[in-house]
Amino acid sequence: MVEATAVLNTVADKDGVLTIRIKGRLDSTSTGDIWQGAIEALERASSKKVVVDTSEIDYCDGAGISLLVEIQRRQKKRGSELEISGLHDEYRKLLDSFDPLEFEEYHPEKSRKTSLTEEVGRATFSVWDNIRSQIAFLGELVAALFLAARNPKVVRWKDAFLIAETAGVNAFPIVALISFLIGLIMAFQAAIPMSQFGAEIFVADLIALSTLRELGPLMTAIVMAGRTSSAFAAELGTMKVNEEMDALTTMGLDPVRFLVVTRVIATLFMMPLLTIFSNLLGIMGGSVVLLSMGYPLSAYVDRIILSADYVDLLGGLLKSLAFGLIVAGIGCSHGLRTRTGASAVGDSTTKAVVSGIIMIIVTDGIFSVVYFYIGI
Amino acid sequence: MNTEQETIIRVENLTVAYDETVIIDNISFEVHRGEVFIILGGSGCGKSTLLKQMIGLYAPAAGRILIDGDDIVSAEGSDRLRILRKIGVMYQSGALFGSMTLFENVRLPLEEFTNLNSSAMDLIVLMKLKQVGLKGFENHMPSELSGGMQKRAAIARAMVLDPRILFLDEPSAGLDPITSAELDQLIISLARNLRITFVIVTHELPSIYSIADRVIMLDKRVKKIVADGRPQDLRDKSDNQWVRQFFKREVALNGS
Ligand SMILES: Nc1ncnc2c1ncn2[C@@H]1O[C@H](COP(=O)(O)OP(=O)(O)OP(=O)(O)O)[C@@H](O)[C@H]1O
Ligand SMILES: [Mg+2]
């Protein structure tokens, strides 16, 4: 294959005419080599008339035509004469189909500068807007859930079971691993200072209370926010982008009832189970530390039964229900609010996880205060 | 047309299957340089599949595809890149990059594969957009364009590097008759003036009559090419009844 090259010659003529000779092959690979040279030759030209001799061009495609258009454009703007000589008929036809003056330089849309006040205003408004749509969504969701409770037949139970499996059952390993390790690490960290007072056995109290009341529900919820909330947002977001959501709506099927209710029910059902499991694994993690310090397992279990009671467990499980609502609700609501475009789904997923985790922590705080006042 | 017919794409004994389902069964044909080559057939008969095979996206179940004499399926690394530079593709769905504006979408291949300076690239992009009638929409995101506009943008992107072969999957679906005719003009002009080869999947009969040099028809029932020739000839002279019906838009009587 012949190496494709383009060659540029400029011949300054005496009679006030600049001749630019272009030879060879002008395609998208080779045109770049002579583009700059050609433009510079034009800029430098003092002559009134410029002749571009193209008779020795072997092949010219769209890129080559663009170069000729650019030359025409510059000459027209300067008001000087230009002659393109020797151009093949076929190329001439293509060239003539463009009006060079139509192509002013391209300016990408500048992002408008905004003042600080405007920024703050916009940010505030978007936070407010976000809260408002979350509340509206919550209302819709509660209404749909009530409807489902009054008439369980409207719920698509088969979907709910499938979701319970992917979102719940399949999350057991990761919940187990994290809870076990957190229990172990916490017990280990606590055992060091406690052993200075010879009070290692009270590590069991610490593990039992903190796991049942806080860490079990909280860790499970955070894992679920990362794992399930994001999945819900991505699923619903993709459906939105593909106009599947519109299809549902025009079929008279409410997306909230059809897609969200099943997800919320499945998550609400799985959350307490996962939490119980997480509690168990957390306590087992703690036991490893005490066993390695020479305490018998029965002593550890005795301390746990002494220090924690059902109220601690149930308090934690109640929280986990609230967390489940947050995980599924926020994931779905961000999925439903996905805009169009490929990056939109990613946006929704990110927002779902971030706001999910924030909401979980805030809710946890509220529960702590309430539990304190009612003396649990 | 041209007397010397130089083969640019050669499909040899191609069989295509998704898993066990055979879609296309042992077909062979050639496409000549500068030809507007149309692939026709009923919906779901495997036109898009054939197109994707011809650009080497998937390995065929059997057979070879030669682009300019090179086997596109087995080529790797820089060889493959060299072959791919010769082709431009517009997918049935457009496949614009959703996170870039229209202008950036079309400019991307230029940035990646040429040494043109920035303003030269800008000009080329604007000229291509002008050719497909989308000048003025440079700063739109693909999601802000209509379906037909996305298609035309995808054509602009496919031809921005001036490939020698353009593969278009249903370019005029979703276009109004006038825009569609303008697109036909563009195709004819590029084929005649720059000798660009077009391989086009389309159902638009009027457009086929005005642009096609050659048509092949796939039939879902036999999974083979059932007709090959100029559209007028197929309509009037084909010995296959289904083919004649297709061109005359008649309802198939013998059930399809
Ligand atoms: N990814 C895939 N996996 C399995 N089968 C597929 C796949 N893509 C397409 N098919 C099957 O291959 C056949 C041909 O599909 P193809 O998209 O090529 O049709 P087409 O001729 O382009 O139709 P249309 O005119 O509707 O675009 C269809 O029967 C389809 O079911
Ligand atoms: Mg198709």
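The values are calculated or read from the model by the stated rules, or taken from the named source; none is laboratory data. Model, not experiment: these values are computed from the prediction. So basically every Cβ, Gly included, is an ideal-geometry build from the backbone, and we count neighbours across all protein chains shown. Side chains included, ligands, DNA and RNA excluded: accessible areas come from the protein's heavy atoms. Shrake-Rupley method; radii C 1.70, N 1.55, O 1.52, S 1.80 Å.
Here are some notes:
- Within region B:45-63, one or more residues are within 16 Å of ligand 2 (Cβ to nearest atom), at positive phi and not charged (D, E, K, R).
- When the strands (runs of 3 or more DSSP E) confined to region B:1-91 are screened for residues that are within 13 Å of ligand 1 (Cβ to nearest atom) and either under 20 Å from B:Val226 (Cα atoms) or among the aliphatic types (A, V, I, L, M) (or both), those reaching at least 3 such residues are found at B:21-32, B:36-41.
- Pairs where the first residue, in region B:197-209, is without any contact (Cβ under 8 Å) to a residue 60 or more places away in the chain and away from chain A (no Cβ under 14 Å) and the second is open to solvent by 10 Å² or more (accessible area, probe 1.4 Å) and within 14 Å of ligand 1 (Cβ to nearest atom), C-beta under 8 Å, 6+ apart: B:Glu204/B:Ala173
- Flag for B:Gly174 being within 28 Å of A:Pro108 (Cα to Cα), at pLDDT below 90, within 16 Å of ligand 2 (Cβ to nearest atom) and not in a helix (DSSP H, G or I): no
- Conditions (1) touching a residue at least 24 places away in the same chain (Cβ under 8 Å); (2) surrounded by fewer than 19 Cβ atoms within 10 Å (Cβ to Cβ); (3) more than 16 Å from ligand 2 (Cβ to nearest atom): number failed by B:Gly42: (3)
- Residue that is within 16 Å of ligand 2 (Cβ to nearest atom) and open to solvent by 40 Å² or more (accessible area, probe 1.4 Å), where the choices are B:Lys248, B:Lys223, B:Lys237: B:Lys223
- Members of region B:211-232 that are within 17 Å of B:Leu168 (Cα to Cα) and among the β-branched types (Val, Ile, Thr): B:Ile211, B:Val215, B:Ile216
- Hey, A:Ser46 more than 14 Å from chain B (Cβ to nearest Cβ), outside any strand (DSSP E or B) and open to solvent by 30 Å² or more (accessible area, probe 1.4 Å) or not: yes
- Residue count for region A:55-90, restricted to those that are more than 17 Å from B:Leu123 (Cβ to Cβ) and facing chain B (nearest Cβ under 10 Å): 4
- All positions within region B:92-113 that are crowded, with 19+ Cβ neighbours inside 10 Å and part of a helix (DSSP H, G or I): B:Leu102, B:Phe103, B:Asn105, B:Val106, B:Arg107, B:Pro109, B:Leu110
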